[in-house]
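Colleague: This is the structure I want to talk about, given as structure tokens.
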Amino acid sequence: MTATAGKRPGARASRPGPARAGTGEQLSRADRVARGKDARAVAPLESHAEFAPGGSRDPVGLLLDQAKSRVPELVPIRHGRMLVSAFTFYRGAALPMAADLAGTPASGLRVQLAASLAVAGRDNGFTAKDRRKIVLAAAEGYRTAMRGFAEQPLLDVWYSHLDIEQAIGEFRSQVKAKRLKAGEKLLAKAHTRDSTQALGKLTTEVDGRRRIISDPPMIVPAEEVFSDVQASAVYDQIRTVLGTYLRTLQSDRRHLLEQFTLVQVARKVVGVGSVGTRAWILLMDACDGAEPLFLQAKEAQLSVLAAYCGGSQYANQGERVVAGQHLMQAESDIFLGWTVAPGPDKVDRDFYLRQLRDWKFSFPIEAMIPSGMTVYARVCGWTLARAHARSGDRIALGAYLGGSARFDQAIADFAETYADQNERDYAALQAAVKEGKVEAAADI
């Protein structure tokens, strides 16, 4: 299940943990509990409420620096999408937030920390009291789930799943009938989101062959992006790259994908924060146009956290993304893999690939009422806790978080403080566009 609101709400979660199998070193449960409690001396639970913006903050400058590595003609689209609301700005402002968090108290148990629910609540017009209740639900859901996972055997944690029917039932009871009906329509629509559905929406038949529909600048076939000579070279490169990507899949999935051949490639604009990075859709087919498969290849650049938390253990940034998704998600796309691809400019870039529209669904944040978002927040907290319990030291984390609500209250304080900062940063981008310092394309 996808449980996202721009960035995941959460706590400070751990990467360091017990030694890996085969190293000959293993910390005891008591040692790991002590490690978690000792971390409170470094970063008391109440310290998670702290945020004071530095005097040299320049969020617009950070966004412009980030744009230098992106496709120039697509950068204004990214800025335009960020200008839609303070919430869409937040979705694209991961780098400024990473820079801000680098100066906040750190326990040594590394994590993601987010204020997305407070920002979304403001965007929906919720009262401060309602927003706090929502954020507290997320923090409490995270903390109590983590403490529960700390008591479970590791394999039980690894195979744990959210009772989606129970979650949907609770969500249904808290949502007005009209909005519930709209949400159920979205869920039903998600069930149809596969390559067959994408085929009907993204392609048309030309001279008996399926071709991707050109819709600049959102979707542009490779033949239109490059000259004929360049496009031919790009296709040759993509076929070579697909072979490299196939080697990153487990054998049964590799065998399945080898039954498909490449038909056409197009550049596609996706999301908010990722707009401007190179993203391609690959139309594949296994039987004369009757068995389509759409793959999506997305450029993976350095994490926004790299400058503040240290570099990744993975040389290929696509592999970093794939490894993270395998750890964080209960079930990942069967075609999730990575590769490196040389561009027409002779620059090698890292990519990760997955199936396009493979039964993806997230609750419509902008359509929620406070009670519904409270349920959603609790689900988000549980989902994030499971991910951190799988990828970090769940026992140390559970001990660090403790049984009281001190952590929850601190996160709720931080969320509102950072939502204030987000609104100031959003206004700064608006002003920069108005003054002509930043180019933005609206309604794309």
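Colleague: Please specify each residue of region 397-409 satisfying the condition of being in a loop (DSSP other than H, G, I, E, B) and polar (S, T, N, Q).
Modeller: Of everything in region 397-409, just one residue is in a loop (DSSP other than H, G, I, E, B) and polar (S, T, N, Q), namely 404.
Colleague: Something else: Take the residues in region 245-276 that are modelled with pLDDT of 95 or more and hydroxyl-bearing (Ser, Thr, Tyr); name whichever of them is surrounded by the fewest Cβ atoms within 10 Å (Cβ to Cβ).
Modeller: 251
Colleague: Could you run through region 298-320 and say how many residues are among the aliphatic types (A, V, I, L, M) and modelled with pLDDT of 95 or more?
Modeller: 1
Colleague: Does residue 335 satisfy the condition of being touching a Lys or Arg at 6+ places or on another chain (Cβ under 8 Å), part of a loop (DSSP other than H, G, I, E, B) and more than 25 Å from residue 94 (Cα to Cα)?
Modeller: Judged against the criteria, residue 335 is a match.
Colleague: Looking for whichever is in a helix (DSSP H, G or I), free of Cβ contacts under 8 Å to residues at least 60 places away in the same chain and within 20 Å of residue 107 (Cα to Cα) here; the options are 38, 65. Which one fits?
Modeller: Just a single option satisfies the conditions, and that option is 38.
Colleague: Another question about this same structure. Could you please let me know if residue 57 is outside any helix (DSSP H, G or I), modelled with pLDDT of 90 or more and assigned by TED's automatic domain parsing to the domain that holds residue 101?
Modeller: Against the criterion (outside any helix (DSSP H, G or I), modelled with pLDDT of 90 or more and assigned by TED's automatic domain parsing to the domain that holds residue 101), residue 57 qualifies.
Colleague: Moving on. Does region 105-112 contain at least one residue that is closer than 19 Å to residue 375 by Cβ, surrounded by fewer than 18 Cβ atoms within 10 Å (Cβ to Cβ) and in the same structural domain as residue 36 (by TED's automatic domain parsing)?
Modeller: no
Colleague: Is it true that residue 412 is closer than 26 Å to residue 155 by Cα, assigned to a helix (DSSP H, G or I) and small (Gly, Ala, Ser)?
Modeller: No.
Colleague: Which pairs have Cβ atoms under 8 Å, sit 6 or more apart or on different chains, and link a residue in region 424-439 that is farther than 16 Å from residue 87 by Cβ and assigned to a loop (DSSP other than H, G, I, E, B) to one that is modelled with pLDDT under 95 and among the acidic types (Asp, Glu)?
Modeller: none
Colleague: Quick check, is residue 41 over 29 Å from residue 442 (Cα atoms), at pLDDT 95 or above and either touching a His at 6+ places or on another chain (Cβ under 6 Å) or surrounded by fewer than 13 Cβ atoms within 10 Å (Cβ to Cβ) (or both)?
Modeller: No; evaluated as a whole, the condition is false for this residue.
Colleague: Sticking with this structure for a sec: Considering each residue of region 48-76, count those that are of a type in the set (Val, Ile, Thr) and surrounded by fewer than 21 Cβ atoms within 10 Å (Cβ to Cβ), and give that number.
Modeller: Qualifying residue count, region 48-76: 2.
Colleague: In addition: Residues that are surrounded by 18 or more Cβ atoms within 10 Å (Cβ to Cβ), part of a helix (DSSP H, G or I) and at pLDDT 80 or above: does region 15-31 have at least one?
Modeller: Scanning region 15-31, I find no residue that is surrounded by 18 or more Cβ atoms within 10 Å (Cβ to Cβ), part of a helix (DSSP H, G or I) and at pLDDT 80 or above, so the answer is no.
Colleague: Of all residues in region 403-444, how many are over 30 Å from residue 142 (Cα atoms) and hydrophobic (A, V, I, L, M, F, W, C)?
Modeller: Total meeting the criteria: 11.
Colleague: May I pose another question? Among the residues of region 346-357, is any surrounded by fewer than 17 Cβ atoms within 10 Å (Cβ to Cβ), in a helix (DSSP H, G or I) and modelled with pLDDT under 90?
Modeller: No, that holds for no residue.
The values are calculated or read from the model by the stated rules, or taken from the named source; none is laboratory data. Keep in mind it's a predicted model, so treat the numbers as computed, not measured. Note that we place each Cβ from the backbone using ideal geometry, even for glycine, and neighbour counts take in every protein chain shown.
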